[in-house]
Amino acid sequence: WPRSPHGAQDTALETMDATAKAHIGIQKLLQAEQDAAEIVAKAKQDKVARLKQAKAEADEEIAAYKAQRQAQFEVFSKDKLGDSGAHSKTTQSATEEELLLISQQVAGNKDTMMNMLLQSVTEVSV
């Protein structure tokens, strides 16, 4: 085979071209790795934010429940400390109705809250 007068130059250009392609490939891999790391970091931030939101909502419900129970306790303690007669019966009846309503609300919302908490803990949006 006859050699090209520029044979050494052609080989050098091919080597440089292959090196450039390899460098571009490495850069693409590094960029993909960085993009993936950013996606994972964002997913973790979103998960933490959802957990904080769920905790805040649960804290609000607990605070409301505690306030309601405190009010019921005050009514109950007034009843036991001296109120008597029809007022006592009315208060007792109202307290029982409220307790029943609270129990029903707690039972009705329990599954929904558990599902919301489980969903926020187990979902990772990308």
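Here are the numbers for the structure shown:
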quantity	calculated
Of all residues in segment 69-98 being part of a helix (DSSP H, G or I) and modelled with pLDDT under 80, the one that is surrounded by the most Cβ atoms within 10 Å (Cβ to Cβ)	ASP79
Scope segment 27-68; condition open to solvent by 100 Å² or more (accessible area, probe 1.4 Å) and closer than 30 Å to ASN109 by Cβ; matching residues	LYS44, GLN45, LYS52, GLN53, LYS55, GLU60, LYS66
Residues (closer than 13 Å to LYS52 by Cα and either touching a Pro at 6+ places or on another chain (Cβ under 6 Å) or among the hydroxyl-bearing types (Ser, Thr, Tyr) (or both)) located in segment 108-126	SER120
Qualifying residue in segment 55-64 (condition: over 30 Å from VAL40 (Cα atoms) and more than 25 Å from the chain's Cα centre (by Cα))	no
Scan of segment 113-126 for residues that are in a helix (DSSP H, G or I), of a type in the set (Val, Ile, Thr) and either surrounded by 12 or more Cβ atoms within 10 Å (Cβ to Cβ) or at pLDDT 85 or above (or both), ordered by number	VAL121
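The values are calculated or read from the model by the stated rules, or taken from the named source; none is laboratory data. The model shown is predicted, which means the values in this text are computed figures rather than measured ones. Here Cβ is always computed from backbone atoms with ideal geometry, including for glycine, and neighbour counts include all displayed protein chains. Only protein heavy atoms, including side chains, enter the accessible area calculation; ligands, DNA and RNA are left aside. Shrake-Rupley method; radii C 1.70, N 1.55, O 1.52, S 1.80 Å.
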